[in-house]
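The values are calculated or read from the model by the stated rules, or taken from the named source; none is laboratory data. None of the values given here were measured: they were computed from a predicted structure. Because the Cβ atoms are built from the backbone with ideal geometry, glycine has one as well, and the counts that use them run over all protein chains shown. The protein model used for the area step is the full one, side chains on, heavy atoms only, and it has no ligands, DNA or RNA in it. Shrake-Rupley method; radii C 1.70, N 1.55, O 1.52, S 1.80 Å.
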Amino acid sequence: MNRFALLSLYRSLTRHKLYATLNVGGLAVGIAVFLVLGLYARFETSYEKWLPRHDRVYVAQTVWNLPESPFNGAYPYTMGGLLEQLREDFPGVVGTRIRGGRNGGTVIRGGVATSADIAQVDASFFDVFDLPMVRGSGSALRQPANVLISETLARRYFGTSDPIGQTLTIAVDKAVNYRVAGVFRDLPANSDFRISVLVPLPAAPPSEQWFHWGSSSLQTFLRFDTPQAARAFEQKLPPFVDRRGLADMGKDASRIQQIKLLPLTRMHLEPAGSESASAKITVVTLAIVGLLTLLVAIVNYVNLATARANVRAREVAMRKVLGADRLALVRQFLGEAVLTVGVAALLGLILAELSLPLVNAAGGLSLTIPYALVVPALMALTLVVGLLAGFYPALLLSRYPAASVLASARSPGGGRVGTRVREGLVVLQFGLAIAFMVGTAVLVAQTRHVRQSDLGFQREGLMMLLSTRDSLVGADRTRMIAAAIRELPSVRSAAIGNNAAGGSGEDNADNVPLPGVAGDGPSLRWIITGPDFFKVYGARVLAGRVFDAAHRDDDALARDMASGINIVINRQAVSTLGFRSPQEAIGKTVGGKRPRTIIGVVEDMRFFSPRQPNSATYYVYYSQPEKAFTAVVSIRYTGDPRVTMDALRTIWQRSVPQVPFEAATADTQLTKFYEADDRATRLFAIGAGLAVLIGCVGLWGLASYNTQMRIREIGIRKTLGASSADIARLLVGQFLRPVLLANLVAWPLAFVAMRTWLTGFDDHVALSPLFFIGGTAAATVIAVLTVLGQSLRASRAAPAWALRHE
Amino acid sequence: MIRLEQIQRRYVSDEVETTALRDIDLAVSAGEFLAVMGPSGCGKSTLLNTLGTVDRPTSGRYLFGDQDLAAMGEKALARFRGAMLGFVFQSFNLIDELTIEENVALGLAYRANGGDRRTRVSQAMDKVGIAHRARHFPHQLSGGQQQRAAIARAIVGDPKLILADEPTGNLDTANGEQVMNILQALNEEGATIVMVTHSPSHADMARRRIDMLDGRIVASAMRAI
């Protein structure tokens, strides 16, 4: 490129401001979308990669394989004593346990308890997790009275004074005084571990379930130096499970429970249990959206560049006459393209930086641009896209025979091939745009559906007191607190159960052998309920009755296992237990050696994530439900939730100030389940919206170019008697064809993508043809509006002017 | 058939006002062959465009038969052009993406009643001797052939008036003669023709000739028969 080439590029960009804006702006927006979504995908796939030697760490998964169990699938949790048994059977195994984590306990200072992210770990923790230390060393955990805290916590508790040697009172199962022996660097955002305090696991098992196979209470991590070593170890585990699980799970225990090793870095996106792989799908989808948006922008750029290039044929011919050879011309055009893309990349980077706070807010993220990585990547992208985008115009233009271009009054049109290529690109661009629009519509419809669908209980006016789950509270106090809550003027009813809306409690399943059927029977979820539980939730009774304090037999605490208990089942359980109708189930006894008699059937109440299949459930009645291992109080209230919440807090602080207060409305609790999908939907919609915008910009630019090329033709047609309306119809029609053809690309693409996504939900909207027709209609309207303005202007132009316009 | 009364045409661009036509009074009767001559910029083309209704006079009356065209709307004028007029340009103005046959058929595209289109198109092409090139594209033809195709397009609709703007301007002598002979033959068959030309010899082939200078008609002469 020489000085004149640069000058002509600069002038061409500044003179044709509109074209330059469309061309560079479209590409910049595409690059910005790609950057932001790429950062998102990178962030989501970078979990735990900050940890030194992360590739050697594996999480032990418990994989359940029970008949028809709602809990089947792999979970990153194990029983408490697994590591001890592994060490006994496989000497030399390196591992650690992490018990707790987010709100894993409380720090007590000046008699007031605050929740903290406390984890109890083995002394060998630092053999596996090489956390960067700021003060002290990880070996301090070998002393049972030592504690390590994070930098932030050290600053919060001790300010500028030296934290080492200070005393901290920490309660996990009971309050204990610890000595601060070290400070570790804060864990980064791309970590699933929420740990700010590390204390040694107590030597004595903290719960009686510690060595109970089938329980799961903490996470177990193992270290292997090579993937082969990990795989070899994994193969030794089924016999180990058979041997060790014999007492709790019977013969061939490994048929129903296995232990697998999952690389630590895969833990974040791996779905737990029967949940669909929504996290993975979301990341992949958004990465694809980013890539496709960039593709649309590149297509757009190439399209506009080739269209413009024809207009510059005369310049090229002149340069040839003046002695430029073909190579020089190709170089010039490639150089121009790379330079223009470079400007677009810079603008894209600025756009991404400016929009990041917005995207972070919409997506609940905390992304930042790592310039050390992004700048070289953008430079590579600039080079690739620039060469790609410049190649076709460069080749096309340098090929024109100079003489004929100069001799003829008008520019060559690029011929039919050029038109075809451009039309093909428009089809591709609009196809993706339509698919995006359909996708956005389905996503929005589904997230709305999930929020509004019937959960089987009234989600408004429902609140949960969750801090009663803490073992420090105790049954007596829980009962007193529940009684005090019932006295509140805004509370209509309150009930204790071991689970509640939002799934914030204990989650248990149990086999129910069926009479006359061999085997253990299907596995059902079971939930302990106290008095008024179904009243609080407003459950709809389908057959029989719900528990009643007046029926002495209903109280499972008052009866022993052998004599049997009364249960209420949900609709789903009717068919799981082999009944044809709810009525048929009433009075029937199931459960083999632990007989359970069905006294009622209620509509399914969906306490858990919409991505989890609705599970067959039976409910058990305790007259004193506070005696259950976990107790959550569900409260039906009226009026402003804040009033009730404040009243709950007052009651709480009067009775158990040493345990942090925690309560939430059902809406807040359920929102947890929707958040990830809402976030993904918002990011998708933003990406899709911008892709559509770029597509429109491209169409607009192309239409404007095309109209200009056809001004003479328009003039001829007008002298032949065509009216303005005829001309507008002609021009709009020409662009409608690729837009309609684009549906052939869009519909199958959107159909397959959206069907895959919807199967992740147990309860999902139908993939109605209306979504597709709507997307097409929207695209058509957008295309017509985009082209119509210019067509009308061109069609109104006086034909005499058009004919002189050469 | 045609009467122009006190036609003025002024162009205003930026701060410059140009008067292209001043006080033009002109009558063209049916079957006439009128040549318009004059130096560049004298208003010949503007006069032709005004006659063709692709340019509107600033003031004055334009009567075609008993219709006052100055009073007609945009849409009505388009229909009028389609039904009554045929255009021939110096630079042919054929559409590159259409074949000769399709270009000629375009002359019928904007008429309510085209009759038997195929027959009329092939008759028009026969008349100018271009039928053997029907399926070619414009760039595959010589200039003379392209102009003959353009004439075929102009006459396919059987117009009352043919407007030719330097039809031989881009052609060599032999091809120019050929085109002029076609126009003359059409005139003898009854077509009314108004032609702008720079060539005195071609102007002599018309029955009447007017000379223009600075937007005025300065001379008018009938050819002696």
Subset tally (residues that are surrounded by fewer than 21 Cβ atoms within 10 Å (Cβ to Cβ) and closer than 23 Å to A:V296 by Cβ) for segment A:33-43: 3
Counted residues, segment A:622-660 - those being open to solvent by less than 10 Å² (accessible area, probe 1.4 Å) and either of a type in the set (S, T, Y) or touching a His at 6+ places or on another chain (Cβ under 8 Å) (or both): 2
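Considering only strands (runs of 3 or more DSSP E) fully contained in segment A:455-572, which possess at least 1 residues that are over 39 Å from the mean Cα position of the chain (by Cα)?
A:541-544, A:565-570
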Of all residues in segment A:82-104 being open to solvent by less than 30 Å² (accessible area, probe 1.4 Å) and at pLDDT below 90, the one that is farthest from A:L222 (Cα to Cα): A:G104
Matching option when the condition is among the aliphatic types (A, V, I, L, M), outside any helix (DSSP H, G or I) and out of contact with any Phe, Trp or Tyr (no Cβ under 6 Å at 6 or more places or on another chain), among A:A750, A:A766, A:A777, A:A725: A:A766
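Identify all residues within segment B:186-225 that are of a type in the set (V, I, T) and within 19 Å of the chain's Cα centre (by Cα); write none if there are none.
Scanning segment B:186-225 gives B:T192, B:I193, B:V194, B:V196, B:T197, B:I210, B:I217.
Take segment B:148-204 and flag every residue that is charged (D, E, K, R), farther than 11 Å from B:A35 by Cα and crowded, with 22+ Cβ neighbours inside 10 Å.
Listed by number, the residues that qualify are B:R148, B:R153.
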Within segment A:204-255, helices (runs of 4 or more DSSP H) holding 1 or more residues that are basic (K, R): A:227-235, A:237-244
Some residue of segment A:268-285 being part of a helix (DSSP H, G or I), of a type outside the set (A, V, I, L, M) and either more than 30 Å from A:L347 (Cβ to Cβ) or modelled with pLDDT of 85 or more (or both): yes
Hey, A:R266 within 25 Å of A:L86 (Cα to Cα), without any contact (Cβ under 8 Å) to a residue 12 or more places away in the chain and out of contact with any strand residue (DSSP E or B) (no Cβ under 7 Å at 6 or more places or on another chain) or not: yes
Top-ranked residue of segment A:351-374 - restricted to ones that are touching a residue at least 24 places away in the same chain (Cβ under 8 Å) and either assigned to a helix (DSSP H, G or I) or in the same structural domain as A:A688 (by TED's automatic domain parsing) (or both), ranked as surrounded by the fewest Cβ atoms within 10 Å (Cβ to Cβ): A:A362
Within segment A:714-763, considering residues that are open to solvent by 70 Å² or more (accessible area, probe 1.4 Å) and in contact with a helix residue (DSSP H, G or I) (Cβ under 7 Å, 6 or more places away or on another chain), the one farthest from B:L98 (Cα to Cα): A:L749
From A:A345, A:A377, A:A317, residue being part of a helix (DSSP H, G or I), at pLDDT below 70 and either surrounded by fewer than 18 Cβ atoms within 10 Å (Cβ to Cβ) or not acidic (D, E) (or both): A:A317
Matching entry among A:V180, A:V134 (being in contact (Cβ under 8 Å) with a residue 24 or more places away in the chain, open to solvent by 60 Å² or more (accessible area, probe 1.4 Å), over 17 Å from A:Q219 (Cβ atoms) and assigned by TED's automatic domain parsing to the domain that holds A:Y58): A:V134
Residue count, segment A:197-251 (criterion: in contact (Cβ under 8 Å) with a residue 12 or more places away in the chain and at positive phi): 1
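Looking only at segment B:151-171, decide whether some residue is farther than 30 Å from B:L4 by Cβ, outside any loop (DSSP other than H, G, I, E, B) and either more than 12 Å from chain A (Cβ to nearest Cβ) or acidic (D, E) (or both).
No: segment B:151-171 contains no residue that is farther than 30 Å from B:L4 by Cβ, outside any loop (DSSP other than H, G, I, E, B) and either more than 12 Å from chain A (Cβ to nearest Cβ) or acidic (D, E) (or both).
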Flag if A:I716 is among the aliphatic types (A, V, I, L, M) and more than 14 Å from chain B (Cβ to nearest Cβ): no
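Regarding segment A:671-679, can at least one residue be identified that is touching a residue at least 24 places away in the same chain (Cβ under 8 Å), buried (at least 22 other Cβ atoms within 10 Å of the Cβ), away from every other protein chain (no Cβ under 14 Å) and of a type in the set (D, E)?
Within segment A:671-679 (the criterion being touching a residue at least 24 places away in the same chain (Cβ under 8 Å), buried (at least 22 other Cβ atoms within 10 Å of the Cβ), away from every other protein chain (no Cβ under 14 Å) and of a type in the set (D, E)), the answer is yes, since at least one residue qualifies.
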Exclusive hit being in the same structural domain as A:G95 (by TED's automatic domain parsing) and closer than 24 Å to A:V121 by Cα, set A:D252, A:D225: A:D225
